[in-house]
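The structure appears below as structure tokens.
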Amino acid sequence: MDRPLRILFLSHSFNSLSQRLYVELSERGHEVSVEFDINDAVTAQAASLYQPDLVIAPYLRRAIPEQVWRRYVCLVLHPGIRGDRGPSALDWAIINGEAEWGVTVLQANAQLDAGDIWASADFPMRAARKSSLYRNEVTEAAVTALLTAVDRFASGSFGSEPLDYCDPAVRGRARPLMRQAQRCIDWLNDDSAAILTKIRSADGAPGVEDEIFGQRYLLFDACEEQTLTGRPGEIIARRDDAICRATSDGAVWIGHLKKIDSEEKTFKLPAVCALGSRAQNLPESPLPLDAPADLPTYREVSYVEEGCVGYLYFEFYNGAMSSEQCTRLLHAYRHACARPTRVIVLMGGRDFWSNGIHLNRIESAESPADESWRNINAMNDLAHAIITTGTHLTISAVRGNTGAGGVFLALAADRVYVRTGVILNPHYKGMGNLYGSEYWTYLLPKRVGGQRAVTITENRLPLGARAAKRLGLIDDHFGATVAQFQQRVQLLAHELAGDSAFASALAEKNRCRLQDETKRPLQLYREEELERMRMNFYGFDPSYHFARFNFVYRVPHSWTPLHLARHRRLDWKWESARH
Ligand code: COA
């Protein structure tokens, strides 16, 4: 790197991609401050306060104000190949069946997405929902392209290239916002593959509009089904909280719905919860925990065994874990513990390992306080079962990002391995000063020490896998891709289950647990944490309930928190001088 830069992030929110880039740039010695895109005046004020060397827009939904891009070099990340323009880049790439896609770093100017190109990176497409591509392939390509662009900027020697549609390397073109009509489902004629593509192109947002039992909904979280069939368009079954709908050549599962209602604001819910009593008479289509892994169907929790190692997968949409999902996972975990294996690997979900209690389910409950209480206790039961497993060694294999209670659930295992690109948010405070539970007061200081535990939880900043390892939060990180990560985890799990390692490691684990228990019983940690959580849920301060409401309803930010906007902190200049 030529010189450390002062970089201002302008972003709609501090989403996973912004967090990853923040971590990567900070690790390279750059100073990064964040400002949310509230309005033009606030953006201009942030720039004038911070006087950045460079402005970066990792995730912006509006144009950068002219007074800012004229004064500073502003690099915009566009999730499309060179020449692609418009607000639905990935949506079109999925609908059009592109084999390869990419990310381009452009310099902001008067025309949206048409500025000079600083760098780009391409990737092969995968049959997955848009948000999954965004959190994996797009994020990795964005890191490559942005770091190249920043190095080029810092070196001062690189001239960016104007967008030139005559250049054969420029394959993209301008495309309009994708409308509902362009991915509308025709249940009588579309086959399952076409329906899955349409729903995936709009998942996480905005969803595909459709009608179920006479009510309009947005559909999310679709998955194939191999055996069930019915009259095209008919809802033919349910499994856990998902519903199955027949197509012209089979059926698809739909896991989540958002009601469309002109009268009230709504949010995403598991399909069966969103449908309420209308889903009650649907026939159940249960699936055994150890059904063949390659069977194309809907499953949240699954268990696979390879020799002495059991792998427990929990693919919960968005990593959110409701009381019922925690209970189902606990049953599966107990099943895994009862098997004659030696090591249990907690695989979590591919995109998110876990993000803790299910805030949407809680928001929809008759008493959100009661449901929060039920949910955190269900999480705690699961964490307790993992911590106290005396028969097996356990590994958390963190393939995707994880936040809040999800991180601490991962720490409940004996070993914690994390994919290198994963972002961890080991703190609760951002959710209305939530104290948190999941035995974090036992698990976190045990790994990082008391002082660091305070810093990590109070800072409320995302941690990259490298920093997490440096701090002692995790045991190791590796794997540039999910596939590489899984391969290495398999290897490590089998090593741990081997005759030479297993017996002594298990004996040592049980000795430590007994020692810890004698020093301070787990029950005491739980009681103290829950006492604080009781105040969050039932006390006079409603901050948690407000924060949850804002989170679930996606209420736009009206200001940037000071832990992100260092340019707005009173001590910033001093801090910066030290930097
Ligand atoms: N409950 C319900 N939904 C959740 C969730 C939770 N605990 N955590 C994340 N989600 C959902 C978001 O609403 C969003 O939904 P969408 O599909 O409508 O977009 C999606 O997951 C992705 O979340 P987002 O915040 O956009 O992702 P991110 O990668 O940018 O940020 C987190 C990840 C974990 C930092 C952030 O989602 C978060 O703070 N989650 C809440 C964690 C929490 O406080 N849990 C409760 C205490 S244990």
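Numbers at a glance
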read-out	value
All helices (runs of 4 or more DSSP H) inside the stretch 491-562 with 3 or more residues being closer than 30 Å to residue 264 by Cα and within 16 Å of the ligand (Cβ to nearest atom)	522-538, 543-552
Filtered residues of the stretch 417-445 (kept if aromatic (Phe, Trp, Tyr) and at positive phi)	439
Residues of the stretch 352-366 classified as of a type outside the set (A, V, I, L, M, F, W, C) and within 11 Å of residue 314 (Cα to Cα), total	1
Criterion: in the same structural domain as residue 354 (by TED's automatic domain parsing) and of a type in the set (Val, Ile, Thr) - qualifying residue of 309, 272	309
Residue check, residue 191 closer than 28 Å to residue 7 by Cα, surrounded by fewer than 17 Cβ atoms within 10 Å (Cβ to Cβ) and out of contact with any helix residue (DSSP H, G or I) (no Cβ under 7 Å at 6 or more places or on another chain)	no
Top-ranked residue in the stretch 133-145 [being within 16 Å of the ligand (Cβ to nearest atom) and buried (at least 20 other Cβ atoms within 10 Å of the Cβ); ranked as nearest to the chain's Cα centre (by Cα)]	135
Filter result for residue 221 (surrounded by 23 or more Cβ atoms within 10 Å (Cβ to Cβ), touching a residue at least 24 places away in the same chain (Cβ under 8 Å) and either under 24 Å from the mean Cα position of the chain (by Cα) or assigned by TED's automatic domain parsing to the domain that holds residue 128 (or both))	yes
Single match in 24, 31 (criterion: within 30 Å of residue 353 (Cβ to Cβ), of a type in the set (Asp, Glu) and under 20 Å from the mean Cα position of the chain (by Cα))	24
Matching entry among 526, 513 (being within 33 Å of the chain's Cα centre (by Cα), farther than 14 Å from residue 441 by Cα and among the basic types (Lys, Arg))	513
Tally of residues being closer than 20 Å to residue 129 by Cβ, out of contact with any helix residue (DSSP H, G or I) (no Cβ under 9 Å at 6 or more places or on another chain) and in a helix (DSSP H, G or I) across the stretch 230-275	0
Residue in the stretch 111-123 that is modelled with pLDDT of 95 or more, surrounded by 20 or more Cβ atoms within 10 Å (Cβ to Cβ) and outside the structural domain of residue 32 (by TED's automatic domain parsing) present	no
The stretch 433-470 - residue that is basic (Lys, Arg) and more than 17 Å from residue 523 (Cβ to Cβ) and, of those, surrounded by the most Cβ atoms within 10 Å (Cβ to Cβ)	469
Matching residues in the stretch 452-490 - criterion: being polar (S, T, N, Q) and in a helix (DSSP H, G or I)	455, 457, 459, 484, 486, 487, 490
Pick from the stretch 186-208, criterion outside any helix (DSSP H, G or I) and within 19 Å of the chain's Cα centre (by Cα), ranking: nearest to the ligand (Cβ to nearest atom)	204
The stretch 495-531, residues that are crowded, with 16+ Cβ neighbours inside 10 Å and either in contact with a Phe, Trp or Tyr (Cβ under 9 Å, 6 or more places away or on another chain) or not assigned by TED's automatic domain parsing to the domain that holds residue 344 (or both)	496, 522, 525, 526, 529, 530
Of the criteria (1) within 14 Å of the ligand (Cβ to nearest atom); (2) in a helix (DSSP H, G or I), which one residue 278 fails	(1)
Selection within the stretch 146-170 - touching a Lys or Arg at 6+ places or on another chain (Cβ under 7 Å) and surrounded by 13 or more Cβ atoms within 10 Å (Cβ to Cβ)	154, 158, 170
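Listed here are the residues, each with its yes/no results for (1) away from the ligand (no atom under 13 Å from the Cβ); (2) closer than 23 Å to residue 491 by Cβ.
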site	(1), (2)
325	no, no
336	yes, yes
342	yes, yes
349	no, yes
367	yes, no
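The values are calculated or read from the model by the stated rules, or taken from the named source; none is laboratory data. Here the structure is a predicted model, which means the values were calculated and not measured. Virtual Cβ from ideal backbone geometry, glycine too; neighbours counted across all protein chains shown.
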